[in-house]
1. Sort through A:THR185, A:THR204 and tell me the only one that's in the same structural domain as A:ALA351 (by TED's automatic domain parsing), of a type outside the set (D, E, K, R) and over 20 Å from A:PHE332 (Cα atoms).
2. Within the stretch A:179-198, can you find the residues that are surrounded by fewer than 23 Cβ atoms within 10 Å (Cβ to Cβ) and closer than 30 Å to A:GLU55 by Cβ?
3. Here are the criteria: (1) surrounded by 17 or more Cβ atoms within 10 Å (Cβ to Cβ); (2) free of Cβ contacts under 8 Å to residues at least 60 places away in the same chain. Tell me which single one A:ALA322 does not satisfy.
4. Looking at A:ALA97, A:ALA149, A:ALA56, A:ALA136, can you tell me which residue is surrounded by fewer than 24 Cβ atoms within 10 Å (Cβ to Cβ), touching a residue at least 24 places away in the same chain (Cβ under 8 Å), under 30 Å from A:HIS261 (Cα atoms) and touching a helix residue (DSSP H, G or I) at 6+ places or on another chain (Cβ under 9 Å)?
5. Which of the following residues is assigned by TED's automatic domain parsing to the domain that holds A:PHE206, touching a helix residue (DSSP H, G or I) at 6+ places or on another chain (Cβ under 7 Å), in a helix (DSSP H, G or I) and at pLDDT 95 or above: A:VAL309, A:VAL263, A:VAL277, A:VAL313?
6. Does B:LEU142 satisfy the condition of being among the aliphatic types (A, V, I, L, M) and without any contact (Cβ under 8 Å) to a residue 12 or more places away in the chain?
7. Could you please find all residues in the stretch B:39-57 being surrounded by 20 or more Cβ atoms within 10 Å (Cβ to Cβ) and closer than 30 Å to B:TRP202 by Cβ?
8. Restricting to the stretch A:165-176, what's the tally of residues that are at pLDDT below 95 and either in contact with a Lys or Arg (Cβ under 8 Å, 6 or more places away or on another chain) or farther than 13 Å from A:PHE332 by Cβ (or both)?
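The values are calculated or read from the model by the stated rules, or taken from the named source; none is laboratory data. Computed from a prediction, not measured in an experiment: that's the story for all the values here. Positions of Cβ are backbone-derived with ideal geometry, glycine not excepted, and every protein chain shown enters the neighbour counts.
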Amino acid sequence: MVSKTWLRPLGLFLACLALALAGCKGGQDNAAPAAGAPKTGELKIGFLYSSAVGEAGYCWAQDQGRKALEKMEGVKTSYVEAVKEGAEAERVIENMARSGHELIFATSFGYMDPTLKVAKDFPNVKFMHCSGFKTADNVSNYFGRMYQARYLTGMVAGMMTKSNLIGYVAAFPIPEVIRGINAFTLGVRSVNPQAQVRVVWTKTWFDPALEKDAAMSLLDVGADVIAQHQDSPGPQEAAQQRGKYSIGYNSDMARFAPKAHLVSAVWDWAPMYEFIVKEVRAGTWKGGRALWWGMDKGVVDITPFGPMVPKAVQDKVLAKKAELVKGVDNIFVGPIKGQAGDVKIAAGARAEDKDLLGMTWFVEGVVGSVQ
Amino acid sequence: MRLTIHKREESLGWGALVVYLGALALALLLCAGLLSLYGKPGLGGLLILFRGAFGQSYSLTDGLAKAIPIFLCALGVALSFRMQVWNIGAEGQFALGAIGATWAALTFSGWPGYILLPLMLLSAMLAGGLWGLIPATLKLRLGVSEIISSLMLNYIGARLLEFLVFSVWRDPASFGFPMTAEFSPGGLIERMAPGVLGKLHWGLLACPVAGVAFAVFLSRTRLGFELAASGEGERVARYAGLPYGFLVLLVMGVGGALAGLAGCIETSATLGRLQPTVLTGYGYTAIVVAWLARLKPVPIACTAYLLAALRVGLEVMQMELQVPWSFGSIMEGAILLFVIAGQFFLTYSVSLGRALPVCAGGAGETAATGEARP
């Protein structure tokens, strides 16, 4: 009788053993090769993501780019997700370089120093670092001009707001986020000079509950359109719950809040990644470069509009988009004033890329501080 | 017939090793099963894990380098746990250590390494130690639970670090990104032998020094004995005339200093500058390590290394098998859980046999479980 109590764990134990053995047998063939040289002709490409891929958001969008590469002939990709910036990133990049990856995409700002450190030891491996500012002989950096898509979504928000107060749930006060808020605000005020954009920092990249709360606090003070920078759909849900509007980011967020979602500013890394891989193949890839592509090359875009966006609004935004697609980008052309009304970019002057990449001030119309 | 559980009268000795290995084997088997369910090679996956953790000279040095901050923090919390003072604040003390070291590195950046590095270590240990003294003082003066206050100080420490790198210490050349300038060469803890020993750096030396000091202090000094005696509880200690208040301050201060030391080493040796990403939860890992190792220095060193090696191996497994990140967390959790559960068998023995029921319900000193039903 006692045997029965023992049978259960024993059975479970045996089941695990059987499963493990079965898996081992079945998987032996496709087990990853040990560290060593890649097969001739096959290009092994590695990706590092700062958070789990999940089903929406920045890393998900990056992973779509990776999957596009996977469709190219002779390309094999692998990824490691949720890699912490710092020592862990250095180890993962090094492991990738050691195991025959010839091209490595480090897709988060915090991987910059680790990438450069590893690159020094692996001169034959090519490294692409996203959103940073340092390069080396075998390290180039790349990014997309997301601010162009932000500007367009700002136009939508500016025309859809009734309270003239738009809430922006912002991630960290770094140039990329500040630049996005500024472009968004310029878009808002290009169609609605009275409107203001109120910023709340969550200091998170993914925290659904906190980001939702932050959106709620903006709705509480009268915002009727909510924009966001983080990966989570929290702010979208908050807007829908209160019967207000929302603007998504990173990937199409319509399905999280179909009644609220006006439009999303989205990444499409596929064209850029395909270009880089073709360069590597052709032997024309170079280190020490900075690729910063815009809407003209399809790296950034906006999604289709929600059904509540009137035709007139859509037309106006699409007209501006057509300009950007042609490569005409006048978003950060003066006169542009700072929050205090002081002129930051003089009339007719154009902000240089290095100013945009290091932007730490808000334009007029933003309510909030850059701390 | 019943399953009966007795408290062991003699310790298991070498049998403990069998218990640990058994628990580890069970956990790994479970993980292999999970991998197979996910459509990946089960035992093959374990082999990759093992190879990633121990298979190459660089895997060994990577694991060792990663174990340094975990070991120092664990030693610090173990010291206070020994007298039942629950210091959950290693993470915050680690942050303050990083801040203290960075302050010295940025302020005296022109100084040569042989002056600057000791200064950084000192200011890091001071900052971490003082941060540890806050909950100790609150406990002694106001009776505030050190569990809560040390935990809360972790968040404050992390925010303080963030504030500094986002504002006053932000490198003007960093395009507005939250990081300080790189430390001058004098402020960097160098790697021992980059070609041979990989990422292993001189910070490793701090571990044997701290470990031996810890062991000697506890076994050879009067204060160490008093500390052990105070582990019986505050009232006992005070009744026996032991300087309980002083001991609380001592363990929290020294524990904080050790975590601060870890913060300094991690900042200087692996990042070379201060960034918010220096905080990756070593202070919390340390608590698990200290407990698993039953607060003894040599087991702490082994556990810290094994846990670090496990994490290094899991990274390799994630890359080679293309399994999600959460798989690594699940495996780490499963292994820790099995090993902790296995510790039960160190204190208790389970036997089959007729037990005399203590009362009708079968509850009592010898708790009976698993009564077979027909």
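1. A:THR204
2. Result: A:ARG198, single match.
3. Single failed check for A:ALA322: (1).
4. A:ALA56
5. Answer to the selection: A:VAL313.
6. yes
7. Hits for the stretch B:39-57 are B:LEU49, B:GLY52, B:ALA53.
8. 5
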